[in-house]
Amino acid sequence: MSDNEGGSTPKQRLVDAAIRLLAAGGPEAVQARRVAAEVGASSMAVYTHFGGMPDLVDAVVREGFERLDRRLAAVSRSDDALCDAVTLGLAYRAEALENSQLYRLMFGITAVSASRRGQRTDLLGTGSPTELEEGRRAFGHLVAAVGRLAASGRGTVPEPSAAAAQLWSAVHGYVLLEIAGFFGDEGHGVEQVLLPLAVNLAAGLGDDRAAAEESARRALRGAG
């Protein structure tokens, strides 16, 4: 799906409307009647195009992963693999904060009444936290980043999926705490918590701490 305004399909307009309602009013606002009204239609439009709310919510989750995928795909590469991995984490954080209600829905932290379960997978067994293809593509950027880190020789990186799980655990946990307001609203947590966490993870994998700190600083400068 695309979130482009021009030429969007009726299905896409319903998905975009559901995302707007989710952002403005939380999960309780995502109701067939309200979603349809948002695009000037009757609630029958939801059933015509999706068969019901569960399929619409699935489409919303897929759209969330597609947006995350595009955000991560836009991160450029440099000759500093750790800097690139940290930059990827900062892009992940930015997408999650800009779409916090959608992010929480994507990972089952919150649920619309029509949400389906069963989209999660064993990350260590499948290499992805979700069975959705859109989610696999998004998570694949983290796997690729730690693969480059391993190839760079900076420390001893474990199997890419396991290493990506460590990186994701750090960023995902941080993001949820920041969304909840535990680090304030000035962004100070990035320098005081997230980047030191990345440095500690890199050093724990055997990277030189001073080099890891410089890579983290370079990522922050680039993100700024």
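The values are calculated or read from the model by the stated rules, or taken from the named source; none is laboratory data. Fair warning: this is a prediction, and the values are worked out from it, not measured in the lab. Calculation scope for accessible area: heavy atoms of the full protein, side chains included, ligands and nucleic acids excluded. Shrake-Rupley method; radii C 1.70, N 1.55, O 1.52, S 1.80 Å.
Can you tell me which residue in segment 181-214 is farthest from Glu98 (Cα to Cα), limited to those that are of a type in the set (D, E, K, R) and in a helix (DSSP H, G or I)?
Checked segment 181-214; the qualifying residue farthest from Glu98 (Cα to Cα) is Arg209.
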Filtered residues of segment 44-94 (kept if acidic (Asp, Glu), open to solvent by 20 Å² or more (accessible area, probe 1.4 Å) and within 30 Å of Gly189 (Cα to Cα)):
Glu66, Asp69, Asp79
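Provide a single number: the residues in segment 75-134 that are assigned to a helix (DSSP H, G or I) and on the phi > 0 side of the Ramachandran plot.
So the answer is 0.
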